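Worksheet: one structure, shown below.
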């Protein structure tokens, strides 16, 4: 072996990743870049064509980079990973606004905040907001009219920090939906930068940030749809970075900010508590008290939105769906759905606690492995799994990417199939008609590779990350 071999391999890898990045950019451009005088948002059919190809390119890029990770610590590869990530997001943002019911609910809650009202006080259709709805109607603003009826009957399920962010589009002179997408993209890029800095601190190639930054699910969820999981994921990544940097007080503040955005990563708090102990717990408790103020001001029932979501929402689930099948014989004695939710409500924190108490927490890899396991278990057990729910899982995979868990972010994209409306008489329409009697039939082909890969990893004994990472 001569001294020039590592640079040559680096150039070869950079060239290959560059070609893969160009291929992804071409697909994002074909999907989103406006064409003609009256461009429309990309159809579901177009997404179902381009996004599988994007995931194939992404998985190949991750495989190649991970295989050569020992020689991938170069500015060229890091610049390529970051530059391509920025280009992808710019291409997606150039497209028209998608049809996203969540965005209109975000904007409704933001307008409630701007008006000086409390979004936790009542659902959008309540009489307390009669004045606001009349003002919107007088201004010919479709904000309330765009809300689906089901969302009109539910109080807010988002944290106070999220509702504050929802107010921003009403305060700047830009299109409101575009502003939501820009906000989500800024937090998304913030996550990319935090993870790159974290990898550098751990002595790993910052180019491995590609595992998060190139994932098509992140592009679809944040730059395209503007989902609120972007700031939540950013604050979780920041909490990880601060924990590794041994700053538990600020890590508690960051994790508290994540929970004040969305409560979904609640059980992830346990490994952070084990590492940060009292200082983390105190700062987290202070954030929780701060976040409780708007709920207390809203009076009784302020948490009813969370209760409604936890008891009745059901979407793109996997293990939960199998649990319903197992419990179906008990119908008549008890509701299988309620029993399944009770089992999940006990199993998720139980597993999180068990996983947290295992292993040597003195190594940085422990937090990543434990965090990934807890986040993945929560997603696989949950009765509701949208694609953007998997974003925070990717934070824990940049150190040791699990193929099965990377496939999970792809598999949940099957959620979009339910919005596919092929032309009448086409093969797609015939397929939908054939599958109509079955509930969400697309999830099983989507989840099968996930579970097969996880089983294979388990049986084979997936190689762990290097035991002695370099820290600054």
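Only a single item in (1) surrounded by fewer than 20 Cβ atoms within 10 Å (Cβ to Cβ); (2) under 22 Å from residue 295 (Cα atoms); (3) at pLDDT below 90 is not met by residue 100, and it is number (2).
When the criteria are applied in full, residue 293 meets the requirement of being touching a residue at least 40 places away in the same chain (Cβ under 8 Å) and either exposed (fewer than 13 other Cβ atoms within 10 Å of the Cβ) or touching a helix residue (DSSP H, G or I) at 6+ places or on another chain (Cβ under 9 Å) (or both). For the range 346-392, filtering for residues that are in a loop (DSSP other than H, G, I, E, B) and either closer than 14 Å to residue 268 by Cα or free of Cβ contacts under 8 Å to residues at least 40 places away in the same chain (or both) leaves 5. Residues in the range 119-129 that are in a helix (DSSP H, G or I) and surrounded by 22 or more Cβ atoms within 10 Å (Cβ to Cβ): 129 only. For the range 130-169, the helices (runs of 4 or more DSSP H) that sit wholly inside it and include 2 or more residues that are touching a residue at least 40 places away in the same chain (Cβ under 8 Å) and either more than 21 Å from the chain's Cα centre (by Cα) or at negative phi (or both) are 160-167.
Tell me, please, whether a residue that is loosely packed, with under 13 Cβ neighbours inside 10 Å, part of a helix (DSSP H, G or I), without any contact (Cβ under 8 Å) to a residue 12 or more places away in the chain and in contact with a helix residue (DSSP H, G or I) (Cβ under 8 Å, 6 or more places away or on another chain) can be found in the range 324-344. Yes.
May I ask you to say which residue of 172, 154 is under 22 Å from residue 105 (Cα atoms) and either surrounded by fewer than 19 Cβ atoms within 10 Å (Cβ to Cβ) or in the same structural domain as residue 365 (by TED's automatic domain parsing) (or both)? Just a single option satisfies the conditions, and that option is 172. Any idea which of 110, 116 is modelled with pLDDT of 90 or more, out of contact with any strand residue (DSSP E or B) (no Cβ under 9 Å at 6 or more places or on another chain), closer than 30 Å to residue 154 by Cα and surrounded by 19 or more Cβ atoms within 10 Å (Cβ to Cβ)? From the options 110, 116, the qualifying one is 110. Set side by side, the residues 257, 352 differ, and just one is over 23 Å from residue 380 (Cα atoms) and out of contact with any strand residue (DSSP E or B) (no Cβ under 7 Å at 6 or more places or on another chain), which is 257.
Looking across the range 429-458 at every residue that is at pLDDT 80 or above and farther than 18 Å from residue 55 by Cβ, the one that is surrounded by the most Cβ atoms within 10 Å (Cβ to Cβ) is identified as 457. Within the range 88-106, the set of residues being in contact (Cβ under 8 Å) with a residue 60 or more places away in the chain, farther than 14 Å from residue 169 by Cα and outside any loop (DSSP other than H, G, I, E, B) comprises 88, 89, 91, 92, 93, 102.
The values are calculated or read from the model by the stated rules, or taken from the named source; none is laboratory data. Just so you know, these numbers come straight off a predicted model, no measurement behind them. Counting neighbours? That spans all protein chains shown, and the Cβs are built from the backbone with ideal geometry, glycine included.
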